[in-house]
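To start, the structure itself, in structure tokens.
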Ligand code: ARG
């Protein structure tokens, strides 16, 4: 059913109907649409704008429609209504008669869709936040387990200094922690109710906007009616938050892909989260991590699309804004899937502790500590740097590590070295001595983990 046939004398072109319609995708927020309508009607009744009988009939009718869509009695298949708003109103009037035609009193589809989208995005923010929390829980469990698992830390993808797996994973905990707090910020800022803004200039009916806002769990009504129907900032902020989550997942995926190679063998992905090759029987590929990395571009695309759609729009509502839905919904589904899959993949990953430790030993990751050893014995740092550089060169030549170089060779380059050098550059010492806040040493990590756990409890 069309909501606007009155001033037209000709039928709408068939392609125009299809081009204009949003029902195929805005049917996704039918529950939010009906919830908003029930709040609106309760308020109309309370304000005596419509009668008590009509109010009750409409609420009952809407609840029936919600239940029937929920359990599949009513579907959207074959419906030729323009959008979810028309669909619900038409069905309501079909079911309860005259009273149904009073539902839209004091309301426009412009403030209605502004409300529906806000309610939907608010729900999605909560769901995304819960999924990020699940990932953070897996991370903190792994951190506890691997507080003494040595591995090399990298810069330029070259081995740099030794650290622990707990410390490396802790870096990702921080990223996802910021993502979660970003979601909370957005939710707080967006949590105002646009219903009552009308088409753009409010209405002459004595609406109680604060009451509707309260019924729908908002912190209050929005302030300016033109802004209320024109604002999609919250959606852009949310897509930005999703883009950052994807960026973090993508970097993590990239590391899992590298760690899973034959050359590194730091991890082995679980069979359930790997795939094979149709021609090469030996292959076990990290497709999930690669897809997460790949899908990141798709989520960025949604962010750039809505930014571009909004940038030229004069106030207030323009139909361009209907384009805020399809790619946004795709980005939301994509990010949620990626969070679920990545979390499960990480939970089931086997870490090769020996390989990680050997790799840390084999890459001169203790060279800085060898230089610091000399500094503590009075050698200026710049000289110590040069001395250890020469020792490293000698080790490369002999294909051994600094730990394996005989003391005589150390002393040939600098007489300052004594037997205690081996203790000073052991992996254990290198990591254990790093106990400043935020460093990988055992005690520093215990503090970090305690604080992460506390954050998750709140
Ligand atoms: N389907 C529309 C949208 O998504 C609903 C609002 C329509 N308003 C209008 N004046 N045509 O934006």
Please determine, by comparing only the residues of region 67-86 that are away from the ligand (no atom under 11 Å from the Cβ) and not in a loop (DSSP other than H, G, I, E, B), which one is nearest to the chain's Cα centre (by Cα). 70
What residue, of 406, 380, is within 20 Å of residue 429 (Cα to Cα) and at pLDDT 95 or above? 406
Of the candidates 344, 354, the one satisfying the condition of being farther than 25 Å from residue 400 by Cα and in a helix (DSSP H, G or I) is 344
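Name the residue, out of 277, 359, that is more than 16 Å from the ligand (Cβ to nearest atom), part of a loop (DSSP other than H, G, I, E, B) and touching a strand residue (DSSP E or B) at 6+ places or on another chain (Cβ under 8 Å). Break it down stepwise before answering.
Working: 359 fails: part of a loop (DSSP other than H, G, I, E, B).
Answer to the check: 277.
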May I ask you to list pairs of residues, at least six apart or on different chains, whose Cβ atoms are under 6 Å apart, with the first in region 320-347 being without any contact (Cβ under 8 Å) to a residue 60 or more places away in the chain and the second being surrounded by fewer than 19 Cβ atoms within 10 Å (Cβ to Cβ) and not in a helix (DSSP H, G or I)? 320/313
State whether the residues of region 285-306 include one that is out of contact with any helix residue (DSSP H, G or I) (no Cβ under 6 Å at 6 or more places or on another chain) and outside any helix (DSSP H, G or I). yes
Of 386, 378, which residue is without any contact (Cβ under 8 Å) to a residue 60 or more places away in the chain and in a helix (DSSP H, G or I)? 386
Considering (1) without any contact (Cβ under 8 Å) to a residue 24 or more places away in the chain; (2) within 16 Å of the ligand (Cβ to nearest atom), say which one residue 120 fails and leave the rest. (1)
Please pick out the residue among 103, 91 that is away from the ligand (no atom under 14 Å from the Cβ), in contact (Cβ under 8 Å) with a residue 40 or more places away in the chain and either more than 34 Å from the chain's Cα centre (by Cα) or closer than 23 Å to residue 325 by Cα (or both). 103
So, in region 428-458, how many residues would count as being touching a helix residue (DSSP H, G or I) at 6+ places or on another chain (Cβ under 8 Å), assigned to a helix (DSSP H, G or I), within 30 Å of residue 130 (Cβ to Cβ) and without any contact (Cβ under 8 Å) to a residue 60 or more places away in the chain? 0
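Which of the residues belonging to region 412-427 are outside any loop (DSSP other than H, G, I, E, B) and touching a residue at least 40 places away in the same chain (Cβ under 8 Å)?
Result: 421, 424, 427.
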Would you mention how many residues in region 271-295 are exposed (fewer than 15 other Cβ atoms within 10 Å of the Cβ) and in contact (Cβ under 8 Å) with a residue 60 or more places away in the chain? 1
I'd like to know if region 16-37 contains one or more residues that are within 16 Å of the ligand (Cβ to nearest atom), within 34 Å of the chain's Cα centre (by Cα), under 30 Å from residue 333 (Cα atoms) and assigned to a loop (DSSP other than H, G, I, E, B). yes
Can we say residue 96 is more than 16 Å from the ligand (Cβ to nearest atom) and part of a loop (DSSP other than H, G, I, E, B)? no
Can you tell me which residue within region 19-58, out of those that are free of Cβ contacts under 8 Å to residues at least 24 places away in the same chain and in contact with a helix residue (DSSP H, G or I) (Cβ under 9 Å, 6 or more places away or on another chain), is surrounded by the fewest Cβ atoms within 10 Å (Cβ to Cβ)? 52
Considering region 169-184 alone, what residues qualify as being more than 13 Å from the chain's Cα centre (by Cα), touching a residue at least 12 places away in the same chain (Cβ under 8 Å) and surrounded by fewer than 20 Cβ atoms within 10 Å (Cβ to Cβ)? none
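Scan region 296-318 residue by residue and report those that are free of Cβ contacts under 8 Å to residues at least 60 places away in the same chain and either within 13 Å of the ligand (Cβ to nearest atom) or closer than 20 Å to residue 119 by Cβ (or both). Write out each step before concluding.
Looking only at region 296-318, we keep the residues that are free of Cβ contacts under 8 Å to residues at least 60 places away in the same chain, and these are 296-298, 300-301, 304-305, 308-309, 311-312, 314, 318.
Listed by number, the residues that qualify are 309, 318.
Across region 106-116, which residue is farthest from the ligand (Cβ to nearest atom) among those that are crowded, with 22+ Cβ neighbours inside 10 Å and in a helix (DSSP H, G or I)? Before the answer, list the steps.
Going through region 106-116, the residues crowded, with 22+ Cβ neighbours inside 10 Å turn out to be 107, 111-116.
If we keep only those that are in a helix (DSSP H, G or I) as well, we get 111-116.
Details: 111: 9, 112: 7, 113: 4, 114: 8, 115: 11, 116: 9 Å.
For region 106-116, the residue satisfying everything is 115.
The values are calculated or read from the model by the stated rules, or taken from the named source; none is laboratory data. Everything numeric in this text was worked out from a predicted model, so none of it was measured. Because the Cβ atoms are built from the backbone with ideal geometry, glycine has one as well, and the counts that use them run over all protein chains shown.
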